[in-house]
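The values are calculated or read from the model by the stated rules, or taken from the named source; none is laboratory data. Owing to the predicted nature of the structure, the values given are computational and were not obtained by experimental measurement. Cβ atoms come from the backbone with ideal geometry, glycine included; neighbour counts cover every protein chain shown.
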Amino acid sequence: MTTVTEHTPTQSAELADRLAAYRAARDRGVRWLLGRLNADGSIGDPTTGFSYYRAPWTFTVVGETEAALAISAWIRRNLVTPDGRI
């Protein structure tokens, strides 16, 4: 059984403020990551290591599926061996 928690107007305003702050932080992070997405689908400097490995998941979670697909395509083109290993 689900119970409904009543909030006072002050608590509701505080919750709304916290949620707005979380969303703003998320949006800043997404903009930062998108700024590091290269035209070929790589992210950052691919020669420096595995900075991309969570990027497809991250972009998918925040609704940036085009960026997620671009990175996934870059990984397939550049890192997957003929036998399917990375």
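What single numbered condition from (1) assigned to a helix (DSSP H, G or I); (2) modelled with pLDDT under 90 fails to hold for residue 53?
Result: residue 53 fails condition (1) only.
Determine the pairs where a residue that is within 16 Å of residue 54 (Cα to Cα), located within the range 20-39, has a partner that is polar (S, T, N, Q) and part of a helix (DSSP H, G or I) with Cβ atoms under 9 Å apart, the partner being 6 or more residues away or on another chain.
Here the result reads 29/58; 30/58; 33/58, each pair linking the range 20-39 to a residue that is polar (S, T, N, Q) and part of a helix (DSSP H, G or I).
Can you confirm whether residue 73 is in contact with a strand residue (DSSP E or B) (Cβ under 6 Å, 6 or more places away or on another chain) and in contact (Cβ under 8 Å) with a residue 24 or more places away in the chain? Break it down into steps so the answer makes sense when it comes.
On the way: in contact with a strand residue (DSSP E or B) (Cβ under 6 Å, 6 or more places away or on another chain): no; in contact (Cβ under 8 Å) with a residue 24 or more places away in the chain: yes.
Here the answer is no, as residue 73 does not meet what is asked.
Could you list, in sequence order, the residues of the range 1-43 that are at pLDDT 85 or above and either on the phi > 0 side of the Ramachandran plot or not in a helix (DSSP H, G or I) (or both)?
Listed by number, the residues that qualify are 8, 35, 36, 37, 38, 39, 40, 41, 42, 43.
When residue 83 is evaluated against the numbered criteria (1) surrounded by 11 or more Cβ atoms within 10 Å (Cβ to Cβ); (2) more than 16 Å from the chain's Cα centre (by Cα); (3) at pLDDT 90 or above, which criterion, by number, is the only one it fails?
That leaves (1) as the condition not met.
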